[in-house]
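Peer 1: My questions all concern the structure below.
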Amino acid sequence: MNSQSASDGDIERAAALLRDGKLVAFPTETVYGLGADATNDEAVTSIYTAKGRPSTNPLIVHVASFESLLTCVDLSDPKTSKRIAADLHALSPLWPGPLSVVVPRASHISPVVSAGGTSVALRIPRHPIALNLLEVCGRPVAAPSANPSNYISPTTAEHVRKGLGDRVAYVLDGGPCEVGIESTVVSLIDETPVILRPGAITKDDLEGALGRPVRVNTTGENSASTARLSPGMLAKHYSPHTPVVLMSSISPSTQLPTRTGVITFSSSTPISFTPTEKRVISERGDLAEVAARLFAALQELDEATLDVIVVDTCEPIGLGAAIMDRLIRAACTS
Ligand code: TXA
Ligand code: MG
């Protein structure tokens, strides 16, 4: 559904704005990104301002090709450079795609991207409009999800306009995002790769490509130092304004408020109450469909003045791990 609705003229205009230090929202296969020239300190700073994002939460830098990705990595440390270069080559068949790698940052990338650290997260997105924009722009583009900090990530151009309004100079419309949840973030800084955020590229995919075990930094293991390392690991995140409750945590005897909405992952999911609003986001529990439609359904029900949104759950395996990661954070009350 990556309908390339943006024309060449739209992409030229967006690329010119980026080179001029302005903010441009663009579609990727995961979610929409809020982009700025990653080599321009001031432009990158304006991303944090527009999102209300804490300056301690680093950004992902997007590039159009593996060659460009390599130019953003500092491979000068003789102790780690060989291993990191080999890991990047081993992962290269997964790009373009929903994978971000954390590596040492090359000096031409703004340190503002790294929130004071020395590493940078890099990825080559798979959406044709994103790739076209990055090529025409000719610069690496820093882009977090194009939502106000802590709100649900946008999967349509309309979500971006609603969330950020005139804080963004231009929004490129590429239709609804195909994957629908944010990229997998894996750190290659230490010998053992660590998944900092699960996504559509799974632990198995990474272990298959790298040929060695990969560690998962789960919510349960979330320590203060991990939270600083990747604030996406903080418990409360990605949440609608309406309280979210997981279906697995209620029973037929649970007293629910009058205006209760529900999101199910299959038309056969049993519901023990009468909902005010109901969205079935996949007929047969297809997790790719669930991921693609989850954030739009949450946003839609968040606009329906409900007291609570009850959301279906799935096994936290493969793509299910990424879906449950987002839902547990959305349902978190702390
Ligand atoms: O799919 C995606 O990744 C989307 C699209 C636009 O590419 N972007 C996105 O960005 O989700 P954002 O900023 O919402 O999430 C970036 C995540 C955060 O959890 C951040 O803490 C982590 O990546 N991250 C970025 N740079 C890092 C670094 N140097 N070290 C550790 N974690 C980092
Ligand atoms: Mg985000």
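Peer 1: Looking only at 248, 183, 68, which one moves most when the chain is put into a Gaussian network model with springs between Cα atoms under 10 Å?
Peer 2: 248
Peer 1: Mean residue ellipticity at 222 nm from the helices of the chain, using -39,500 (n - 2.57) per DSSP H segment of n ≥ 4 over the full residue count, to the nearest 500 deg cm²/dmol?
Peer 2: Computed ellipticity for the chain at 222 nm equals -9000 deg cm²/dmol.
Peer 1: Also, quick follow-up: Springs between alpha-carbon atoms under 10 Å, Gaussian network over the chain: tell me which of 245, 171, 290 tops the mean-square fluctuations.
Peer 2: Looking only at 245, 171, 290, the biggest GNM fluctuation is shown by 245.
Peer 1: In addition: At most 14 other Cβ atoms within 10 Å plus a DSSP loop assignment makes a site exposed; report the longest stretch of the chain without any exposed GluC sites (Glu not before Pro).
Peer 2: Result for the longest clean stretch: 1-190.
Peer 1: For the chain, set up a Gaussian network in which alpha carbons nearer than 10 Å are linked by springs, and say which option among 205, 74, 37 fluctuates the most.
Peer 2: 205
Peer 1: Next up: Tally Lys and Arg at +1 and Asp and Glu at -1 over the other residues with C-beta under 10 Å from the C-beta of residue 112: what net charge comes out?
Peer 2: -2
Peer 1: Which cross-chain or sequence-distant (5 or more) residues have an amide H under 5 Å from the amide H of residue 201, H modelled 1.01 Å from N in plane?
Peer 2: It is 184, by chain and number.
Peer 1: Under a cut-off of 22 Å between alpha-carbon atoms, report the lysines in cross-link reach of residue 22, not counting same-chain residues fewer than 8 places apart.
Peer 2: Within the straight-line cut-off, residue 22 pairs with 51, 162.
Peer 1: Right, something else. Nearest-5 percent of antiparallel DSSP beta bridges in the chain?
Peer 2: Just about 45 percent of them are antiparallel.
Peer 1: May I ask for the distance between the Cα centers of region 102-128 and region 1-47, given as a whole number of Å?
Peer 2: 16
Peer 1: Let me ask something else about it. Please give the length that would be gained between residue 108 and residue 204 if that part of the chain were fully extended, namely 0.36 nm times their separation in residues minus their C-alpha to C-alpha distance (nm, one decimal).
Peer 2: 31.2 nm
Peer 1: Distance between Cα centroids, region 129-144 to region 241-310: provide it in whole Å.
Peer 2: Result: 36 Å between the Cα centres.
Any read-out appearing in this document is the output of simple, stated calculations on the displayed coordinates, not a laboratory observation. Fair warning: this is a prediction, and the values are worked out from it, not measured in the lab. Cβ atoms come from the backbone with ideal geometry, glycine included; neighbour counts cover every protein chain shown.
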